[in-house]
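The values are calculated or read from the model by the stated rules, or taken from the named source; none is laboratory data. Keep in mind it's a predicted model, so treat the numbers as computed, not measured. Ideal geometry is used to build each Cβ from the backbone, glycine not excepted, and the neighbour counts take in all protein chains shown. Just the protein is used for accessible areas: all its heavy atoms, side chains included, with ligands, DNA and RNA removed. Shrake-Rupley method; radii C 1.70, N 1.55, O 1.52, S 1.80 Å.
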Amino acid sequence: MKLNKKGFMLAEVVIVASVVSTVLVFLYISLNRMSSAFDKRNRYYDIDAMYITMEVNNILIKNNNLDDYSNDNYKDLLADNINDEVIKFKNFYNNNTSYTINKVYYLKSDAVPLEEINSLTINDDNLKDYIKYLEDKIEFDKYKYLIIVELSKGNDDVYYYTLKVGETNEP
Amino acid sequence: MNLNRRGYLAVEVILASVVAISIAIFLMEITIKLVNVTDDAYIDTEILTDKALITKNIKKLLEDDIEENGGISSITCTDTSCQINFCSNSSSIELDNNNQITYNGTNNYDKTLNKNLSNIKITTNKTGNIDNGDYVLFKITADSKFTKENFEANIIVYNNKTC
């Protein structure tokens, strides 16, 4: 393309604008990804859920429940007739705070129980997303069992924490 | 449409200006969004850190005092403080005018809350006599102007009472 030809300046502007726009679009996508990662960190490592898992772990150890559950892949600790102490704690928490404990699971540290819970939760996209996230993050060999808590805080979001307990029953 | 050189240049300048202004507006919008997201994330992180530190430290000190002093026998509270009587000692959780929360017990702890929090209150689930085997909850709540949730730190301890 020769200089002094008609349209050269416009061609320059279009090419430069395309390059700048591409960079800005990548910047926008990265910004959204960063914002989403921050949000995910807050929802999957929630402080209130963490203290609930620790209290549940204390209940299981105090009442010698771990031996009872040793043959099971997982237990829904809020189901009827599974663990009255955990249900008592859940009722206390739900009645006295503005948060709600939705789910508490005890499970062996393995991908199989996670898949079993995943297959039960057909319509629960939040829990499915969290389980998928856990499967990539946890090194199952390092731990003996896990306790997962799901918590609601009055808005539409749900919050999670997974307590990973090693051989000495200490997290 | 046949344009001479000047006419063509005028069209080029107009089109180039439109493209440049569109890019400038897009850039400004991205910058404003980045600043807002970063500010929100910063305040969220500060408030979450306050919550984590207060919950962890006061819970630990309370549990230590419960073990050393025979459990909680009774609690009395106002809006800004709770007096905790153990079997053989006492402690308190207090709020002062500078948004500072203090635990005064066998060991002391204090933490100044984020200045964006207001209307801070300290409450408990039960006042008066506390029984053995009860869960006791101390709740520190505050209004937050800059985050979607209000501040709520729930400190729960299990009462092993021996008196």
Descending accessible area (1.4 Å probe), largest on the left, turns A:K75, A:K40 into A:K40, A:K75
Plugging the Cβ-Cβ distance of A:V19 and B:F26 into 1/(1 + (r/R0)^6) at R0 = 22 Å yields, to the nearest 0.05, a FRET efficiency of 0.95
Quick shape summary for the stretch A:45-165, equivalent ellipsoid via Cα gyration tensor, semi-axes whole Å in descending order, reads 20, 19, 13
The distance between the Cα centres of the stretch A:6-53 and the stretch B:30-105, in whole Å, is 37 Å
The percentage of Cα-Cα pairs in the protein assembly as shown separated by more than 38 Å is 36 percent
By the mean-Cβ-within-10 Å protection proxy, highest first, A:16-23, A:98-105, A:45-52 rank as A:45-52, A:98-105, A:16-23
Note to self: with every protein chain in place and a 1.4 Å probe, the protein assembly as shown gives an accessible area per residue in Å² of 55 Å²
Rounded to the nearest 10, the angle in degrees between the Cα long axis of helix B:5-69 and the longest principal axis of the Cα atoms of chain B comes to 10 degrees
So for R0 = 22 Å, FRET eff. of A:A111-A:R41 from the Cβ-Cβ r, to 0.05, ends up at 0.45
The ³J(HN,Hα) series, computed from each phi in the stretch A:91-97 with the Karplus coefficients 6.51, -1.76 and 1.60 at θ = phi - 60°, rounded to the nearest Hz and given as x for glycine or proline, is 5, 4, 5, 5, 7, 10, 10
Note: probe point = Cα of B:T127 + 7 Å toward Cβ; backbone nitrogen < 19 Å; residues of the stretch B:62-105 passing the test are B:72-86, B:90-96, B:102, B:104
Partner shielding of A:20-26, as the mean number of partner chain Cβ atoms within 10 Å, equals 3
Counting only protein heavy atoms with a 1.4 Å probe and every protein chain in place, the carbon and sulfur fraction of the accessible surface of the protein assembly as shown in whole percent equals 51 percent
On protein heavy atoms with a 1.4 Å probe, the accessible surface that disappears when B meets A, both sides summed and given to 100 Å², is 3400 Å²
Taking the convex hull of the alpha-carbon atoms of chain B and averaging its shadow over every direction gives an area in square nanometres of 14.1 nm²
Which residues qualify? For A:S109, with a placed amide H closer than 5 Å and at least 5 residues away or on another chain, they are A:Y145, A:L146
